[in-house]
Amino acid sequence: MLKTRLSKLLGIEFPIFSAPMGPDIAGPDLAAAVSGAGGLGLMQAQLSPPADFREQIQRVRRATDKPFGVNFILALPHEENLAVCLEEHVPVISFFWGDATPYVERVHAAGSKVFLQVGSVEAAQRAAAGGVDVIIA
Ligand SMILES: Cc1cc2nc3c(=O)[nH]c(=O)nc-3n(C[C@H](O)[C@H](O)[C@H](O)COP(=O)(O)O)c2cc1C
């Protein structure tokens, strides 16, 4: 157990995430293994049709009752699978390659946290001002 602001925010034992690697590297089994071990597993969400994707989320949940997340590359189509995540109340929604701030309200309304991976100070400042919970710099 390593108590930090991050581990307390997420309810995890260790402030360690697995990188969400698309298109099909970081799937439900890897995410469940990382979360089950006390970190935060992040599953990629790029290629699966919504019905398969919902089944992947449920597969993580069958393997562990710990928090986990799903990652979306905003430059790719993401609305359908994002809607599935919000319906399923996935604990963490992580975004990359775009502005996450238009999604913050919807994700928070589902009870989930918003992560954004950024590559510039400007993007980090916009994310912080827009209510993103965790910025990965
Ligand atoms: C093969 C590969 C695929 C990746 N796919 C994604 C992705 O789908 N979404 C994302 O946010 N980051 C993706 N990344 C970036 C990783 O999340 C991470 O930011 C990057 O590997 C840097 O972390 P590291 O220094 O620990 O490797 C990918 C990285 C690799 C190597």
Set ALA45, ALA123: member being within 20 Å of ALA137 (Cβ to Cβ), small (Gly, Ala, Ser) and in contact (Cβ under 8 Å) with a residue 12 or more places away in the chain: ALA123
Out of ALA100, ALA75, ALA83, sole residue that is within 16 Å of the ligand (Cβ to nearest atom) and out of contact with any strand residue (DSSP E or B) (no Cβ under 6 Å at 6 or more places or on another chain): ALA75
Residue check for LEU40: surrounded by fewer than 19 Cβ atoms within 10 Å (Cβ to Cβ) and within 13 Å of the ligand (Cβ to nearest atom): no
Residue among ALA124, ALA129 that alone is surrounded by fewer than 16 Cβ atoms within 10 Å (Cβ to Cβ), over 15 Å from the mean Cα position of the chain (by Cα) and either away from the ligand (no atom under 15 Å from the Cβ) or small (Gly, Ala, Ser) (or both): ALA129
Residue in the range 21-29 that is buried (at least 16 other Cβ atoms within 10 Å of the Cβ), part of a helix (DSSP H, G or I) and either more than 16 Å from the ligand (Cβ to nearest atom) or without any contact (Cβ under 8 Å) to a residue 24 or more places away in the chain (or both) present: no
The one condition in (1) away from the ligand (no atom under 12 Å from the Cβ); (2) under 21 Å from ILE136 (Cα atoms); (3) of a type in the set (A, V, I, L, M, F, W, C); (4) assigned to a loop (DSSP other than H, G, I, E, B) that MET1 fails to fulfil: (2)
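Matching residues to (1) surrounded by fewer than 16 Cβ atoms within 10 Å (Cβ to Cβ); (2) modelled with pLDDT under 95:
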{"site": "LYS66", "(1), (2)": "no, no"}
{"site": "PRO77", "(1), (2)": "yes, yes"}
{"site": "HIS89", "(1), (2)": "yes, no"}
{"site": "ALA100", "(1), (2)": "no, no"}
{"site": "VAL104", "(1), (2)": "no, no"}
{"site": "HIS108", "(1), (2)": "yes, no"}
{"site": "GLY111", "(1), (2)": "yes, no"}
{"site": "VAL114", "(1), (2)": "no, no"}
{"site": "GLN117", "(1), (2)": "no, no"}
Identity of the residue in the range 86-97, within 14 Å of the ligand (Cβ to nearest atom) and not hydroxyl-bearing (Ser, Thr, Tyr), that ends up farthest from PRO67 (Cα to Cα): TRP97
Filter pass, ALA45 being within 16 Å of the ligand (Cβ to nearest atom) and of a type outside the set (Val, Ile, Thr): yes
Positions within the range 34-59 being under 15 Å from the mean Cα position of the chain (by Cα) and hydrophobic (A, V, I, L, M, F, W, C), in sequence order: VAL34, LEU40, LEU42, MET43, ALA45, PHE53, ILE57
Qualifying residues in the range 10-20 (those that are in a loop (DSSP other than H, G, I, E, B) and within 12 Å of the chain's Cα centre (by Cα)) - the one surrounded by the most Cβ atoms within 10 Å (Cβ to Cβ): PRO20
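The values are calculated or read from the model by the stated rules, or taken from the named source; none is laboratory data. Please read all numbers here as calculations on a predicted model, not as lab measurements. A quick note on method: Cβ atoms are made from the backbone with ideal geometry, for glycine too, and the neighbour counts reach across all protein chains shown.
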